[in-house]
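Here, each number is a calculation from the coordinates, and none is a lab measurement. This is a predicted model, so every value here is computed, not measured. Cβ sites come from the backbone with ideal geometry, for glycine too, and all protein chains shown count toward neighbours.
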Protein chains: 2
Amino acid sequence: VTSPAVAAADWGTSSFRLWLLDAAGTVLAERRSGDGMLTAGAEGFGPILERQLAAAGAAAELPVIVCGMAGARQGWIEAPYVTLPAGLDGILAGAVPVPGQSRTIRILPGLAQRSADAPDVMRGEETQLAGILPLFTSGRHLICMPGTHSKWVEAADGVISGFRTWLTGELFSVLSKQSILRHSLGENAAPALPDNAVFRAACADALTQGGDVGPSLFRIRAATLLNDLKPDEAAATLSGLLIGAEIASARRVFDAAADKVILVASGPLGSLYAAALKLAGCAVLQADADEAVRAGLFEAAKRLGWVGADSTGSQSESTTP
Amino acid sequence: VTSPAVAAADWGTSSFRLWLLDAAGTVLAERRSGDGMLTAGAEGFGPILERQLAAAGAAAELPVIVCGMAGARQGWIEAPYVTLPAGLDGILAGAVPVPGQSRTIRILPGLAQRSADAPDVMRGEETQLAGILPLFTSGRHLICMPGTHSKWVEAADGVISGFRTWLTGELFSVLSKQSILRHSLGENAAPALPDNAVFRAACADALTQGGDVGPSLFRIRAATLLNDLKPDEAAATLSGLLIGAEIASARRVFDAAADKVILVASGPLGSLYAAALKLAGCAVLQADADEAVRAGLFEAAKRLGWVGADSTGSQSESTTP
């Protein structure tokens, strides 16, 4: 039985995930909770982390590598955005130690695209990228990371060169819950499945519109009134339209690289995007998002010298910057 | 001093407006309240209407012509959608009398576009159209009716031949209040003015994207974080992006008719759309939306024989269907 070499935490806006990893990166323990940045303010980031580490059985001196919103300005300790272009080394150089803790803790920074016409930021996704970029060290690649705020990322020779954000997940949420379309979807519409014909038709329709979903959204409401569209069909239509529009839009923005897409996603959302990308005529390579963020955190720990052949153990790292 | 010949009511989802008009269509009295369809359920449509008529000083026998959500299925009396193509006569033929009232009351129907690929409905806007179509009896015209749910309507030789709905106003509302962008706009962002440079730049940018606003929305959040974008600028950007995207999208959908647009709108929103349409290179003719709906209601009353040369007064009309 191996023992934990490092703890890795993905600390998002509304979720917290922690893994204890051995020196080979194998998961020895996992904790998940809703103690995201939004709720961590009350209890404090440090106490939450120590409580979760104790529950996972971590030793007092185990070092912790963290990514996500814990590094935002309104988070624990700000890890300022690293400006593009950036590779793994650039991300690591921006990692910020958390002072005043009984153990070594570093928070990875987010990435910023500082351009006048397309300013953009990410925080958390850069660590997923750090987990998959070692697999794609040469050539130009387009990476799709779907979610509340979907990121499409261009990488060239292992360096992140540009990215853009689509609000797809958030649009689905506010349109289905807050807009006139809520009457069509109801409160218990089932999420679409990738082989759902309504989802696929809506997706195919949006793909032909170059990302412009404007004239299609109200169709859902009209079809409820005129054609008795069912709530599940309304949800599948909205999902297909928004995902199809995102893909068409991203293919327009990243035209030269858009025939082959590396999809970083987990679960049902990953299956929906994989189906939609194939409808769009893209060749899809899929990486699991959970595994990617864990791999990125572990890669960071390795490069920090916390684990691996040249590591002298967690004590080698000081909490002083 | 002339006396009221007809009462005209525009009964929307969340608002109620009533005018007493003389035989020439001149406004003699006006009432506005928040007693829209959503709140009318409690007090009842009939009591609200009688209360407002009494407050306006209407005689007991004055007939009332109504348009809007009062005719929806969940309204007062359903006035089923009239299917396109439809002119004024078609709309009037669908007017439904309200039974069991002490006076003559008719509710105008909405319009439905029953097509498989673009089902759509309107309720209320058809009466604004009825008010302006007599000015455009020949030729093909494109009419823009901005609002919570913007309608773009194609009319040929005085007949409404097609329309599409954009959720622009609702998107602005849910994105500015419910999405991540609320942090950028804050709670008191001032609405954009038509000569605002930020509004115009965002609008021009969206116009070049063919209606695809997907890759641009998160830019607002990023510019707040990276460039200290101010709340008023964020609001102007969101407004410009959404209005520009709607116009680009509508020009794509209605390509052949899109160089000249009849804008039916009131107040600040009308000014914003007029500026945006001119940025898009459109020649703009503007009609006031309030005057248009009143003119449409009056035109309906005339054709029903309630007012005008061949009218024998309101008593000529029975409440029996």
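Quick notes on this one:
- Shielding by other protein chains, B:118-124, mean Cβ within 10 Å: 5
- Between residue A:213 and B:213, the built amide H atoms are under 5 Å apart, and every one of these is 5 or more places off in sequence or on another chain.
- Rounded tilt (10° steps) of A:217-227 against the dominant C-alpha axis of chain A: 50 degrees
- Long pairs among A:151/A:260; A:177/B:151; A:151/B:177; A:177/A:230; B:177/B:230, criterion Cα-Cα beyond 18 Å: A:177/B:151; A:151/B:177
- Applying the Karplus relation 6.51 cos²θ - 1.76 cosθ + 1.60 with θ = phi - 60° to the stretch B:79-89 yields 3J(HN,Hα) values of 10, x, 4, 8, 7, 5, x, 8, x, 4, 5 Hz, where x marks Gly and Pro.
- Alpha-carbon radius of gyration plus Dmax, which is the widest Cα pair, for the stretch A:22-88 in Å: 14.0, 39
- Angstrom value of the Kirkwood radius, inverse mean 1/r, which spans all Cα pairs in chain A: 20.7 Å
- Here is the P(r) of the stretch A:112-161: all C-alpha pair distances, binned every 10 Å from 0, give 24, 56, 20, 0 in whole percents.
- Residue-wise HN-Hα coupling along the stretch A:106-115, computed from phi with Karplus coefficients 6.51, -1.76, 1.60 (Hz; x: Gly, Pro): 10, 10, 6, x, x, 10, 10, 9, 8, 10
- Separation of the residue A:114 and residue A:291 label points, Cα + 7 Å toward Cβ, nm: 3.7 nm
- Once the convex hull of all Cα atoms in the stretch A:93-238 is built, its volume per residue stands at 192 Å³.
- Each other copy places its own label point for residue A:59 at 9.8 nm from this one, sorted shortest first, where the point lies 7 Å along the Cα-to-beta carbon line.
- Gyration tensor (alpha-carbon) shape descriptor, the protein assembly as shown, a/c threshold 1.5: prolate
- Shape of the stretch A:80-144, Cα gyration tensor, a/c cut at 1.5: oblate
- Estimated FRET transfer efficiency when R0 is 41 angstrom, pair residue B:73-residue B:227 (beta carbons, to 0.05): 0.25
- R0 of 35 Å, Cβ-Cβ distance residue A:190-residue A:278: FRET efficiency to nearest 0.05: 0.95
- The Cα atoms of the stretch A:53-99 define a convex hull whose projected area, averaged across directions, is 4.3 nm².
- For the stretch B:1-122, the Stokes-Einstein estimate of translational diffusion at 37 °C and a viscosity of 0.692 mPa s comes to 219 µm²/s, using the Kirkwood hydrodynamic radius over alpha-carbon pairs.
- Taking amide H as placed 1.01 Å from N in the peptide plane, residue B:82 has its amide H under 5 Å from the amide H of B:110, B:111, B:112, each at least 5 places away in sequence or on another chain.
- Here the contact order of chain B, divided by its residue count and restricted to Cα pairs under 8 Å and six or more residues apart, works out to 18 percent.
- For chain B, a crude dipole built from +1 on the beta carbon of Lys and Arg and -1 on the beta carbon of Asp and Glu, taken about the Cα centre, is about 340 debye to the nearest 20.
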